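The block underneath contains the structure these notes are about, expressed in structure tokens.
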Amino acid sequence: MKLLEGKTALVTGASKGIGKKIAEKFAEQGANVAFTYLSSIEKGEALEKELQASGTRIKGYRSDASKFDEAEKLINDIISDFGTLDIVVNNAGITKDGLLLRMTEEQWDDVIDVNLKSVFNVTKAASKIMMKSRKGVFINMSSVVGVQGNAGQANYAASKAGIIGFSKSIAKELGSRNIRTNVITPGFIRTEMTDVLDPKVVEGWEQNIPLKRAGETEDVANACLFLASDLASYVNGQVLSVCGGML
Ligand SMILES: NC(=O)c1ccc[n+]([C@@H]2O[C@H](COP(=O)([O-])OP(=O)(O)OC[C@H]3O[C@@H](n4cnc5c(N)ncnc54)[C@H](OP(=O)(O)O)[C@@H]3O)[C@@H](O)[C@H]2O)c1
């Protein structure tokens with residue numbers, strides 16, 4: 001029995017990295033998958049083709065999650081294409097690092113808009129649908145940095161801490177409608193986002209991880225699958241850290 005048979009899921013920011021692996025895992029587990037991308041158009045189109053082999057309904061949308069109107073249109077489009085929406089993974093995210101004194105207003109605003117406002121945008125639009133069907137699951141991608149902070153990432157840490165507060169509130173608001181909201185805080189996961197880091201810095205981090213290795217996208221996707229499935233039907237308002245023991 002596949003864990004997500006008959007469910008329809010949206011994964012934001014799935015052209016690469018963690019989002020891509022979640023979309024692949026969900027399709028493999030029987031879900032119909034809608035996913036978004038923004039700048040990586042070719043990768044988004046390639047993923048749509050790849051996932052179609054799963055035999056479930058698949059569609060990629062070019063949609064900027066940080067824009068309120070685009071998020072609302074996205075959810076409307078998904079409903080006309082798929083008829084329903086059961087699971088939303090708010091995964092889209094960016095970094096624009098810099099020490100506070102050098103951080104520009106634009107770096108701050110961009111990261112808050114893409115990482116945090118996007119979660120408000122997509123969750124607000126999708127929750128209207130889920131409230132009517134009296135079921136649903138939200139999984140929001142935070143980071144260990146949102147819990148413990150990181151020098152040079154004040155904007156990113158604030159956005160990721162904001163996701164935790166937002167999600168815990170929504171879990172309380174929507175729980176009575178059978179809508180579960182949980183957060184994943186990945187640690188250091190190998191993707192294009194972390195490929196840009198200095199290998200010496202990475203080595204130092206790996207030494208501080210109790211499991212002594214970086215995580216893989218599959219590690220996060222597996223946790224996401226658990227939270228999305230009925231195996232987690234009594235898990236709501238929680239933060240699950242996938243960080244090899246870093247936190
Ligand atoms: N990698 C890690 O170590 C790590 C650790 C903790 C948390 N996380 C979080 O996990 C999530 C995924 O990270 P990742 O490492 O997989 O990053 P990634 O490889 O850089 O992928 C980011 C994804 O987000 C999409 N995206 C960016 N801005 C968007 C927007 N405005 N609207 C819609 N989609 C947008 C990108 O699409 P386009 O390329 O098409 O623009 C891409 O698909 C992020 O929220 C990140 O903060 C990652």
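The values are calculated or read from the model by the stated rules, or taken from the named source; none is laboratory data. Keep in mind the model is a prediction, meaning the values are calculated, not measured. Don't worry about glycine lacking a Cβ; one is built from the backbone with ideal geometry, like all the others, and counts go over all protein chains shown. Ligands, DNA and RNA are excluded from the accessible area calculation, which covers all protein heavy atoms including side chains. Shrake-Rupley method; radii C 1.70, N 1.55, O 1.52, S 1.80 Å.
Residues within the reach of a label modelled at S233 (point 7 angstrom out along Cα to beta-carbon, backbone nitrogen below 19 Å), restricted to the range 1-17, are 1-9. With all protein chains kept in place, the per residue accessible area of the range 126-247 amounts to 48 square angstrom at a probe of 1.4 angstrom.
Using helices alone, what [θ] at 222 nm do you get for the chain, with -39,500 (n - 2.57) per DSSP H run of 4 or more residues, divided over all residues and rounded to the nearest 500?
Details: 10 runs with 114 residues, N = 247.
My calculation for the chain gives -14000 deg cm²/dmol from helical runs alone.
Highest mean first, how do 39-49, 91-101, 109-119, 14-24 rank when packing is the count of other Cβ atoms within 10 Å averaged over residues?
Peptide ranking by packing, descending: 14-24, 109-119, 91-101, 39-49.
The phi-based Karplus calculation (6.51 cos²θ - 1.76 cosθ + 1.60; θ = phi - 60°) puts the 3J(HN,Hα) values of the range 220-233 at 6, 4, 5, 5, 5, 4, 4, 5, 6, 8, 6, 4, 9, 5 Hz, whole numbers, x for Gly and Pro.
Contact order, relative form, for the chain: 19 percent (alpha carbon pairs under 8 Å, 6 or more residues apart, mean separation divided by residue count).
Semi-axis lengths, largest first, of the ellipsoid equivalent to the range 1-151 are 27, 17, 15 Å, with √(5λ) applied to each eigenvalue of the Cα gyration tensor. Between the alpha-carbon centres of the range 93-151 and the range 192-247 there is a gap of 17 Å.
Restricting the calculation to Cα atoms, every distinct pair contributes to the Kirkwood radius of the range 128-247, found to be 15.3 Å. Approximating the spin labels as points 7 Å out from Cα along Cα→Cβ, the A53-to-E192 distance works out to 2.0 nm.
Fully extending the segment from D81 to A151 would add 20.9 nm, taking 0.36 nm per residue of separation and subtracting the current Cα-Cα distance. The phi torsions of the range 46-62, fed into the Karplus equation with coefficients 6.51, -1.76 and 1.60 and a -60° offset, translate into couplings of 5, 5, 4, 4, 4, 6, 4, 5, 5, x, 8, 7, 9, 8, x, 10, 7 Hz, rounded to whole numbers, with Gly and Pro shown as x. In this structure, the amide hydrogen of G215, modeled 1.01 Å from its nitrogen in the peptide plane, lies closer than 5 angstrom to those of F188, I189, R190, counting only residues at least 5 positions away or on a different chain. Rounded to whole Å, the principal axis extents of the Cα atoms in the range 1-46 read 35, 15, 15, largest first. Of the Cα atoms belonging to the range 40-108, the radius of gyration and Dmax stand at 16.2, 51 Å.
Expressed in nm², what is the orientationally averaged projection area of the convex hull enclosing the Cα positions of the range 65-149?
6.2 nm²
Amide H to amide H distances under 5 Å link S241 with T185, where only residues 5 or more positions off or on other chains count and H is placed in the peptide plane.
Could you pull out the trypsin sites (Lys or Arg not before Pro) across the range 152-246 that fall in loop regions by DSSP (anything but H, G, I, E, B) with no more than 12 other Cβ atoms inside 10 Å?
Here the sparse-neighbourhood loop sites are K212, R213.
Close amide H partners of G13, meaning residues 5 or more places away or on another chain with modelled amide H under 5 Å apart, are T36, Y37, A92.
Backbone phi angles across the range 74-79, fed through the Karplus curve with coefficients 6.51, -1.76 and 1.60 (θ = phi - 60°), yield HN-Hα couplings of 4, 5, 4, 5, 5, 5 Hz in residue order; Gly and Pro are listed as x. Both numbers refer to the Cα atoms of the range 135-200; Rg and Dmax are 14.3, 48 Å.
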